[in-house]
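All remarks here apply to the structure that follows.
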Amino acid sequence: MEETVPKLPLIIDTDTGSDDAVALLLAAASGLGDVRAVTTVAGNVPVVTGTRNALISLQIAGCVDIPVHPGCERPMTRAPSTAQQVHGHDGMGDVGLPKPLRAAEPQHAVDVLLSYPRWHPGELTLVTLGPLTNIAAALLRDRDLLTRYRHVYCMAGAADMRGNISATAEFNVWADPEAARVVLQAATPDKVTWIGWDVSRTDAVMTPADQLRLERLGTPMATFAHRINRTVNDWARDVTGLPGYDLPDPVTMAVALRPELAIEREQVHVDIALGEETRGQLIIDRRRSAPVPNLTLVRRVSGTGFKQLLFDTCARTPGQASAPDPHPERHR
């Protein structure tokens, strides 16, 4: 009998741009995740646009039954900023995607983030792919919220202090640094793991050869994933100087689905810079006299393992029933 792996129950918080969309494909169509709900937040695009993009992405994955709940429309204290210069005006490469078949749910994202782990304590894994505004707002109502989840994975920061929105900051943390600080003040390293932009930039860049391989798969999900990241590829070429484009949100989702893909971690105390010159920079204290660690940082992932998961998922037909690979170590 073929060995099977239980699916991971997930709540996903996203500011759905083009890399978030690929992360949603991994969660919903890899055979590894059981997505219970998706919440959206302002970030890459305004929250209305991000909600639409989440609905479209789940539809492409063949999972139109997953509810999507809009959340906070702006950061906690700052004016909204988007990354439409990276992801396109619609956040999805401006490729002219059709309207989603399903509408968003009326219940607010923050209420969803609070209620689901109370119904299922210790069962759900939370994966955040955007600014942490929704999570911080929920924490202001329930300071113990993070302990109610099985684990929380956040695409946040740049541990090597090489930024993509400023010299030293990653966009999600920069967009709402006050929210990121609220989350860190409630975090513990056994419950919260951050996977930064540095990880996707160094170990999992989609090279031209990788992009061609994705395009040649020819399936609806592969074509979708390839087309919507065309503006990210241009941004990487012209601004960040990568030999291809980065997929930080899919890398984060891959680590949540297969933690063994993270091949280097550290537990440290992290804070966030709020001043304008260093806004959103991670302040990582590695001194012997540092405060008690509040976070697990992933520093490296298996690029080979991540890409294999991506290609295997995108090669499927949406809704295809298939057992996940029970031996992921062979891709490391």
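The values are calculated or read from the model by the stated rules, or taken from the named source; none is laboratory data. Remember, predicted model here, so these are calculated numbers, not experimental data. Every residue, glycine among them, receives a Cβ derived from its backbone with ideal geometry; neighbour counts consider all protein chains shown.
Can we say Val232 is in contact with a strand residue (DSSP E or B) (Cβ under 8 Å, 6 or more places away or on another chain), at pLDDT below 95, closer than 22 Å to Asp90 by Cα and of a type in the set (A, V, I, L, M, F, W, C)? Spell out how you get there, then give the answer.
Numbers: in contact with a strand residue (DSSP E or B) (Cβ under 8 Å, 6 or more places away or on another chain): yes; at pLDDT below 95: yes; closer than 22 Å to Asp90 by Cα: yes; of a type in the set (A, V, I, L, M, F, W, C): yes.
Yes: the conditions hold for Val232.
Can you name the condition, by its number, that Arg288 falls short on among (1) under 30 Å from Glu178 (Cα atoms); (2) modelled with pLDDT under 95; (3) touching an Asp or Glu at 6+ places or on another chain (Cβ under 6 Å)?
Just one mismatch for Arg288, condition (3).
Just for the stretch 135-163: of the residues that are in contact with a Ser or Thr (Cβ under 6 Å, 6 or more places away or on another chain) and not aliphatic (A, V, I, L, M), which one is nearest to Val45 (Cα to Cα)?
Cys154
Go through the stretch 114-131 and give me each residue that's farther than 9 Å from Tyr149 by Cβ and under 16 Å from the mean Cα position of the chain (by Cα).
Val127, Thr128, Leu129, Gly130, Pro131, listed by residue number.
When you look at Thr128, is it touching a helix residue (DSSP H, G or I) at 6+ places or on another chain (Cβ under 7 Å) and within 25 Å of Thr193 (Cα to Cα), yes or no? Don't jump to the end; show me each part of the working.
Working: touching a helix residue (DSSP H, G or I) at 6+ places or on another chain (Cβ under 7 Å): yes; within 25 Å of Thr193 (Cα to Cα): yes.
Taking the combined requirement at face value, the residue satisfies it.
Residue pairs, Cβ under 7 Å, 6 or more apart or interchain, first in the stretch 313-324 and under 9 Å from Gly31 (Cα atoms), second acidic (Asp, Glu) and modelled with pLDDT under 60. List them.
From residues that are under 9 Å from Gly31 (Cα atoms), the pairs are Ala323/Glu2.
Taking Leu101 and the conditions (1) farther than 23 Å from Leu247 by Cα; (2) aliphatic (A, V, I, L, M); (3) modelled with pLDDT of 95 or more, which numbered condition does it fall short on, given that it satisfies the others?
Of (1) farther than 23 Å from Leu247 by Cα; (2) aliphatic (A, V, I, L, M); (3) modelled with pLDDT of 95 or more, only one is false for Leu101: (3).
Between a residue in the stretch 190-215 that is farther than 28 Å from Ala180 by Cα and any residue that is assigned to a helix (DSSP H, G or I), which pairs come within a Cβ distance under 6 Å, given they are 6 or more apart or on different chains?
Listed pairs, sorted by first residue: Leu214/Ala222; Leu214/His226; Glu215/His226.
Please enumerate the residues belonging to the stretch 130-145 that are buried (at least 22 other Cβ atoms within 10 Å of the Cβ) and either part of a loop (DSSP other than H, G, I, E, B) or touching a residue at least 40 places away in the same chain (Cβ under 8 Å) (or both). Even if it seems obvious, please write down each step before you answer.
Our first condition is that a residue be buried (at least 22 other Cβ atoms within 10 Å of the Cβ); within the stretch 130-145, this holds for 130-136, 138-139.
Answer for the stretch 130-145, where residues must be buried (at least 22 other Cβ atoms within 10 Å of the Cβ) and either part of a loop (DSSP other than H, G, I, E, B) or touching a residue at least 40 places away in the same chain (Cβ under 8 Å) (or both): Gly130, Pro131, Leu132, Thr133, Asn134, Ile135, Ala136, Leu139.
Is there a residue being at pLDDT 95 or above, in contact with a Gly (Cβ under 8 Å, 6 or more places away or on another chain) and either surrounded by fewer than 24 Cβ atoms within 10 Å (Cβ to Cβ) or within 16 Å of Pro75 (Cα to Cα) (or both) anywhere in the stretch 27-40?
yes
Within the stretch 276-289, is even one residue crowded, with 24+ Cβ neighbours inside 10 Å, in contact (Cβ under 8 Å) with a residue 60 or more places away in the chain, in contact with a Lys or Arg (Cβ under 7 Å, 6 or more places away or on another chain) and under 29 Å from Leu184 (Cα atoms)?
Within the stretch 276-289, the first condition is being crowded, with 24+ Cβ neighbours inside 10 Å, and the residues that meet it are 280-282.
Those left that are additionally in contact (Cβ under 8 Å) with a residue 60 or more places away in the chain: 280-282.
Next cut, in contact with a Lys or Arg (Cβ under 7 Å, 6 or more places away or on another chain) only: none.
No: zero hits.
Within the stretch 245-271, restricting attention to residues that are over 19 Å from the mean Cα position of the chain (by Cα) and not charged (D, E, K, R), which residue is nearest to Leu184 (Cα to Cα)?
Within the stretch 245-271, the match that is nearest to Leu184 (Cα to Cα) is Val270.
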